[in-house]
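Chemist: Provided herewith is a single structure, encoded as structure tokens, for subsequent inquiry.
The values are calculated or read from the model by the stated rules, or taken from the named source; none is laboratory data. Keep in mind that this is a model prediction, so the values were computed, not measured. Heads up, the Cβs are rebuilt from the backbone with ideal geometry, glycines too, and the neighbour counts pull from every protein chain shown.
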């Protein structure tokens with residue numbers, strides 16, 4: 001097993017990785033910005049190094065500073081968490097070229113999946129369903145208009161190099177397409193340094209379902225069930241649950257098989273997620289969870305997901321430990337041929353944002369009391385007295401609940417939300433209290449438009 005691990009991230013995910021590392025007897029090393037010096041992940045690490053000012057480009061994305069910290073502390077491996085440098089293939093290559101262990105997929109897999117058009121084409125060749133769309137970037141507006149006419153409106157206009165719900169627009173006709181194409185292309189050039197644009201069929205009513213995969217050290221790829229991620233605002237997730245209430249046993253088999261094929265197509269190693277769109281056949285789902293007509297590959301996230309805890313609770317594994325074991329060339333702690341889910345888990349992302357318009361609301365934390373009890377887990381990045389600054393993502397904590405059934409998990413979630421005492425920054429706990437009483441959510445028959453319908 002790895003003996004020392006540098007965590008190239010911050011907040012709740014850094015704290016969560018450090019927790020597993022210390023449980024395994026691995027020396028945990030944190031890097032932090034000047035703004036984060038007082039956060040729990042820094043004080044809980046065995047050693048911590050400041051790598052720059054608050055600006056992420058000068059700290060958490062500062063490759064030279066992070067590698068210098070690894071060298072000065074004698075780190076053996078680097079775990080990138082999610083965001084920042086986690087899906088940067090050049091960083092992965094540099095880490096390995098420096099003689100360190102990269103706790104993540106191989107750089108060539110990151111590169112292959114980093115471009116949405118290339119990823120679509122690879123998946124189609126591997127027999128993974130993809131939505132109707134372009135196989136090459138729409139080089140100009142005329143090409144985009146021609147592609148949309150062939151695909152059929154409405155269409156989604158996407159930044160090929162985008163991710164995290166950014167760089168997307170919907171066009172219902174040619175006039176809208178001309179506007180969205182220029183907007184997305186400009187955004188992509190500014191944010192990703194790549195203005196390539198993909199045109200794809202847009203489905204007005206759709207569910208967002210993803211599959212957790214793990215590429216093992218022996219070359220096998222296994223799937224650890226699916227997660228429902230349809231409660232979103234601005235194409236970004238707020239709630240995830242596993243298993244999905246929309247997925248029947250027959251559909252689950254097809255989902256998992258497709259995800260494994262996706263991983264095998266790029267020789268995937270370590271943890272990753274295959275994200276898909278699930279298009280319902282009709283408004284109501286059958287009692288057995290069927291009623292879905294088709295699903296399409298959306299993208300592959302070549303890292304650990306924010307929502308990985310729901311899979312951990314349903315499958316009884318520690319995905320960070322499994323990541324470390326794969327990186328060290330070790331077998332998993334579980335039998336890949338005997339994976340079986342138990343119960344239901346739901347994750348709520350507690351953000352520093354107002355619960356109506358979801359606009360950021362950072363500030364000093366005056367009260368922070370986490371809920372406890374059976375089936376309740378909190379992965380937090382802050383404690384009372386800390387300050388949520390405006391420099392980073394608004395995620396403060398993840399409230400994860402589990403139960404023998406979905407109904408039991410929901411009841412525990414209601415109690416946990418009510419018991420979570422949080423004052424200072426704006427927060428979205430009131431939204432979750434509302435969601436957990438919403439008939440559409442309670443029925444399990446909801447889609448990515450649920451939040452907009454609530455607002």
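Chemist: Does residue 73 satisfy being out of contact with any strand residue (DSSP E or B) (no Cβ under 8 Å at 6 or more places or on another chain) and assigned by TED's automatic domain parsing to the domain that holds residue 99?
Modeler: Working: out of contact with any strand residue (DSSP E or B) (no Cβ under 8 Å at 6 or more places or on another chain): no; assigned by TED's automatic domain parsing to the domain that holds residue 99: yes.
Here the answer is no, as residue 73 does not meet what is asked.
Chemist: All but one of (1) part of a loop (DSSP other than H, G, I, E, B); (2) under 26 Å from the mean Cα position of the chain (by Cα); (3) surrounded by 22 or more Cβ atoms within 10 Å (Cβ to Cβ) hold for residue 127; which doesn't?
Modeler: (3)
Chemist: Also, I was wondering about something else. Any residue at all in segment 32-48 that's touching a residue at least 24 places away in the same chain (Cβ under 8 Å), closer than 30 Å to residue 254 by Cα and not assigned by TED's automatic domain parsing to the domain that holds residue 274? Can you show your working first?
Modeler: Let us first name the residues in segment 32-48 that are touching a residue at least 24 places away in the same chain (Cβ under 8 Å), namely 32-36, 38-41, 44-47.
In the following step, the residues that additionally are closer than 30 Å to residue 254 by Cα were identified as none.
No, segment 32-48 has no match at all.
Chemist: Looking only at segment 38-55, count every residue that is touching a strand residue (DSSP E or B) at 6+ places or on another chain (Cβ under 6 Å), assigned to a helix (DSSP H, G or I) and closer than 25 Å to residue 325 by Cβ and tell me the total.
Modeler: Residues that pass the stated criteria total 1.
Chemist: Sort through 117, 110, 101, 78 and tell me the only one that's touching a residue at least 40 places away in the same chain (Cβ under 8 Å) and more than 17 Å from residue 269 (Cβ to Cβ).
Modeler: Among 117, 110, 101, 78, only 117 is touching a residue at least 40 places away in the same chain (Cβ under 8 Å) and more than 17 Å from residue 269 (Cβ to Cβ).
Chemist: Further question on the same structure: Please verify whether residue 35 is in contact with a strand residue (DSSP E or B) (Cβ under 9 Å, 6 or more places away or on another chain) and either assigned to a helix (DSSP H, G or I) or surrounded by fewer than 20 Cβ atoms within 10 Å (Cβ to Cβ) (or both), treating the condition exactly as stated.
Modeler: yes
Chemist: Quick check on segment 56-73. Is at least one of its residues modelled with pLDDT of 95 or more, surrounded by fewer than 17 Cβ atoms within 10 Å (Cβ to Cβ) and not in a helix (DSSP H, G or I)?
Modeler: No; the residues of segment 56-73 include none that is modelled with pLDDT of 95 or more, surrounded by fewer than 17 Cβ atoms within 10 Å (Cβ to Cβ) and not in a helix (DSSP H, G or I).
Chemist: I'd like to check something: does segment 175-198 contain any residue that is modelled with pLDDT under 95 and closer than 30 Å to residue 340 by Cα?
Modeler: Within segment 175-198, none of the residues are modelled with pLDDT under 95 and closer than 30 Å to residue 340 by Cα.
Chemist: Then there is this: Could you say which residue among 78, 26, 2 is crowded, with 16+ Cβ neighbours inside 10 Å, within 22 Å of residue 306 (Cβ to Cβ) and modelled with pLDDT of 95 or more?
Modeler: 78 is the lone residue from the list that is crowded, with 16+ Cβ neighbours inside 10 Å, within 22 Å of residue 306 (Cβ to Cβ) and modelled with pLDDT of 95 or more.
Chemist: Check 424, 361, 385 and return the single one that is assigned by TED's automatic domain parsing to the domain that holds residue 295, surrounded by 17 or more Cβ atoms within 10 Å (Cβ to Cβ), on the phi > 0 side of the Ramachandran plot and out of contact with any helix residue (DSSP H, G or I) (no Cβ under 9 Å at 6 or more places or on another chain).
Modeler: Testing whether each residue is assigned by TED's automatic domain parsing to the domain that holds residue 295, surrounded by 17 or more Cβ atoms within 10 Å (Cβ to Cβ), on the phi > 0 side of the Ramachandran plot and out of contact with any helix residue (DSSP H, G or I) (no Cβ under 9 Å at 6 or more places or on another chain) leaves just 424.
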